[in-house]
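Structure first, then comments.
The values are calculated or read from the model by the stated rules, or taken from the named source; none is laboratory data. Nothing here was measured: the structure is a model prediction, and the numbers come from that model. Note that we place each Cβ from the backbone using ideal geometry, even for glycine, and neighbour counts take in every protein chain shown.
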Amino acid sequence: MYMTTTAGAGLLVRAFGSQKMRDTYAEKLFTGEWGGTMALTEPDAGSSLGDMITSAVKADDGDHYLIKGTKCFISSGDHDLAPNIVHPVLAKIEGAPPGTKGISMFIVPKYRQGADGAFDVPNDVATTGVEHKLGLRGQATATLSFGEEGDCHGWLVGEENMGLKYMFLLLNHARLHTGVQATAGASAAYQCALQYSHERIQGRDLLNATDPTSPQVPIIKHPDVRHMLLQQKATVEGNIALMMTCSRLTDTIHVLKKSEEHAEDVQHAQALLEILTPCCKAFGSDSSFESIRLAIQCLGGAGFCEDYPVAQLLRDNKVFSIYEGTNGIQSLDLLGRKIPAKNGASMQALMQEIGTAISNTMKVDDLRDLAESVQELQNEVVATTMQLGGLGMSGEIPAYLCNATAYLEMFSQLVISWQWLIQATRAHELMDSGPEDPSFYKGLVETGRYYIKWTVPKALATAQIIKSDERTALNLPPECLGEVDAAV
Ligand SMILES: Cc1cc2nc3c(=O)[nH]c(=O)nc-3n(C[C@H](O)[C@H](O)[C@H](O)COP(=O)(O)OP(=O)(O)OC[C@H]3O[C@@H](n4cnc5c(N)ncnc54)[C@H](O)[C@@H]3O)c2cc1C
């Protein structure tokens, strides 16, 4: 994480900084000689970044701004792994428009350059706290106070009031990366659970359950344990497939963006990447957390202890649903922004891709029922989206968005089902050609079957709930949730 925040700061400088800024910071950040962060969050402005109050006032010499404010939860915020730390800080210049439109970005080094050229002048950045966290305990997450002495120098990145737009270059990348990190943790937990389930001998198989003289079996022989393992494999490998798809789209955009000939391909890839990013981040992290919960369950009491890595993996994973925009905010982004954007272009692009995969799988007799299930879910997702769109267009915004988290889950379950159709169809094809490792391919086909059989009916049920115009959470007066117990 120290390296990702550092590379992120380097990317911002390279993409939006002046030539002087690039010359000063880019190489030092990209080589890891200096550390980097991204400083957005404030004690009273987390999800609601537009309400931040960190201020920037142009210094008399016009060269820099004086920064004043507190940022909290800053990953890699302070440490002695590098002699200097470069903070891209979001702040508001005096007189800026209210809300997110008035946010600018500044480069604020921990040590600034002195008259002799050396970066050894303390820049009035004080570490006023270190957050004590549930997980990620190897990461220095800090509260930073800028300009307590009135002497914190910051240099404007790019243009005034463009700070959040610039930060989104990083945030979109970071959101995809968060899904990858979450899935990597779930994958490690699955490997641990799989090994344990082969080794742990406990109980008898269902046929001999009442015969104490029959031999005990490894727990992987119990269908309930296999359920838990299958669910983990389906989650991990479904998420990996989605993230590989997003990586391919990112590469496509990067490689083809300068070629006019491929302008349409780039547009299509961009449309897909935009709509899939909240799924990667939010569904990737929530499903990975659930997957690790199952890994712990496979280990029984041992899973609850520190002898195996699964407990730590669960703790570390929780943050992925919180930072880079909480999953609640991701669902608002998906339904409120990404779906209606450009007259639904992203949604159309995605449905087209899913439709192609369904048609391909329909041709495989053994898998046709899976394709039909995914087709049914696709129809329901489209119908649910149209119905919600009607609410949005008639100005009923709270009703449109009040079940956004459930919508994101259902939508993502369609997306992962799509990925499993592709994987299962290809694996089925390869099975027919007599592969060296048939159980690998059979494992893929059957895991895809498992995911679709167990997930699609639940997603269809969610669609029914949303379409029934369920508004309990929207309408419930907060006092009905009970009195606040001040002692807690
Ligand atoms: C370990 C860690 C590392 C972090 N690293 C960084 C970092 O490097 N840089 C940085 O700038 N920040 C960082 N953060 C901060 C992180 O991005 C914020 O914690 C996050 O954005 C949520 O803000 P908050 O904590 O103020 O929660 P709040 O915004 O108070 O949210 C609390 C709850 O209310 C919900 N909520 C809030 N507003 C809405 C809304 N409008 N609609 C629906 N639901 C809503 C949220 O979804 C959440 O469930 C880090 C946090 C942690 C825990």
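In table form, for the structure just shown:
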item: Residue check for residue 111: of a type in the set (Ser, Thr, Tyr), on the phi < 0 side of the Ramachandran plot and away from the ligand (no atom under 16 Å from the Cβ); result: yes
item: Residue pairs meeting the criteria (Cβ under 6 Å; at least 6 apart or on separate chains; first buried (at least 23 other Cβ atoms within 10 Å of the Cβ), in segment 34-50; second assigned to a strand (DSSP E or B) and not hydrophobic (A, V, I, L, M, F, W, C)); result: 37/87; 38/88; 39/71; 39/87
item: Residue check, residue 283 within 16 Å of the ligand (Cβ to nearest atom), part of a helix (DSSP H, G or I), in contact with a helix residue (DSSP H, G or I) (Cβ under 9 Å, 6 or more places away or on another chain) and under 21 Å from residue 138 (Cβ atoms); result: no
item: Segment 306-326 residues that are within 19 Å of residue 173 (Cα to Cα) and assigned to a loop (DSSP other than H, G, I, E, B), paired with ones that are among the small types (Gly, Ala, Ser) and within 15 Å of the ligand (Cβ to nearest atom) (beta carbon under 7 Å, 6 or more apart); result: 324/174; 326/47
item: Test: residue in segment 60-79 that is small (Gly, Ala, Ser) and part of a helix (DSSP H, G or I); result: no
item: Test: residue in segment 9-27 that is without any contact (Cβ under 8 Å) to a residue 60 or more places away in the chain, within 16 Å of the ligand (Cβ to nearest atom) and acidic (Asp, Glu); result: no
item: Check on residue 264, in a helix (DSSP H, G or I), surrounded by fewer than 22 Cβ atoms within 10 Å (Cβ to Cβ) and charged (D, E, K, R); result: yes
item: Only one of 483, 446, 470 that is farther than 27 Å from residue 339 by Cβ and surrounded by 13 or more Cβ atoms within 10 Å (Cβ to Cβ); result: 446
item: Residue among 56, 82, 91 that alone is outside any strand (DSSP E or B) and either touching a Cys at 6+ places or on another chain (Cβ under 8 Å) or surrounded by 13 or more Cβ atoms within 10 Å (Cβ to Cβ) (or both); result: 82
item: Unique residue being more than 22 Å from residue 46 (Cα to Cα) and at pLDDT below 95 when the list is 138, 114; result: 138
item: Close pairs (9 angstrom Cβ cut-off, 6 or more residues apart or separate chains): at negative phi in segment 59-80, crowded, with 20+ Cβ neighbours inside 10 Å and among the basic types (Lys, Arg) anywhere; result: 64/112; 77/71; 78/110
item: Tally of residues being more than 26 Å from the chain's Cα centre (by Cα) and within 14 Å of residue 125 (Cβ to Cβ) across segment 35-55; result: 1
item: Close pairs from segment 250-264: first in contact (Cβ under 8 Å) with a residue 24 or more places away in the chain, partner surrounded by 11 or more Cβ atoms within 10 Å (Cβ to Cβ), Cβ under 7 Å, at least 6 apart; result: 250/273
item: Test: residue in segment 94-102 that is in a strand (DSSP E or B) and in contact with a strand residue (DSSP E or B) (Cβ under 9 Å, 6 or more places away or on another chain); result: no
item: Residue pairs meeting the criteria (Cβ under 7 Å; at least 6 apart or on separate chains; first within 28 Å of residue 389 (Cβ to Cβ) and touching a residue at least 40 places away in the same chain (Cβ under 8 Å), in segment 469-488; second part of a helix (DSSP H, G or I) and not β-branched (Val, Ile, Thr)); result: 471/399; 474/398; 474/399
item: Filter pass, residue 178 being more than 13 Å from the ligand (Cβ to nearest atom), touching a Ser or Thr at 6+ places or on another chain (Cβ under 7 Å), under 30 Å from residue 285 (Cβ atoms) and in a helix (DSSP H, G or I); result: no
item: Some residue of segment 288-296 being hydrophobic (A, V, I, L, M, F, W, C), at pLDDT 95 or above and within 16 Å of the ligand (Cβ to nearest atom); result: yes
item: Among residues of segment 144-162, those that are away from the ligand (no atom under 16 Å from the Cβ) and out of contact with any His (no Cβ under 7 Å at 6 or more places or on another chain), counted; result: 12
item: Criterion violated by residue 357 - all others in (1) surrounded by 14 or more Cβ atoms within 10 Å (Cβ to Cβ); (2) farther than 16 Å from residue 423 by Cβ; (3) of a type outside the set (Ser, Thr, Tyr) satisfied; result: (2)
item: Segment 47-84, residues that are among the hydrophobic types (A, V, I, L, M, F, W, C) and within 12 Å of the ligand (Cβ to nearest atom); result: 49, 52, 72, 73, 74
item: Residues being of a type in the set (Ser, Thr, Tyr) and either touching an Asp or Glu at 6+ places or on another chain (Cβ under 9 Å) or away from the ligand (no atom under 13 Å from the Cβ) (or both) - total across segment 311-344; result: 2
item: Unmet requirement for residue 368, which otherwise passes all of (1) surrounded by 16 or more Cβ atoms within 10 Å (Cβ to Cβ); (2) modelled with pLDDT of 95 or more; result: (1)
item: Conditions (1) more than 16 Å from the ligand (Cβ to nearest atom); (2) buried (at least 20 other Cβ atoms within 10 Å of the Cβ); (3) under 18 Å from residue 192 (Cβ atoms); number of the one not met by residue 304; result: (2)
item: Of all residues in segment 121-143 being near the ligand (Cβ under 10 Å from one of its atoms) and assigned to a strand (DSSP E or B), the one that is farthest from residue 71 (Cα to Cα); result: 141
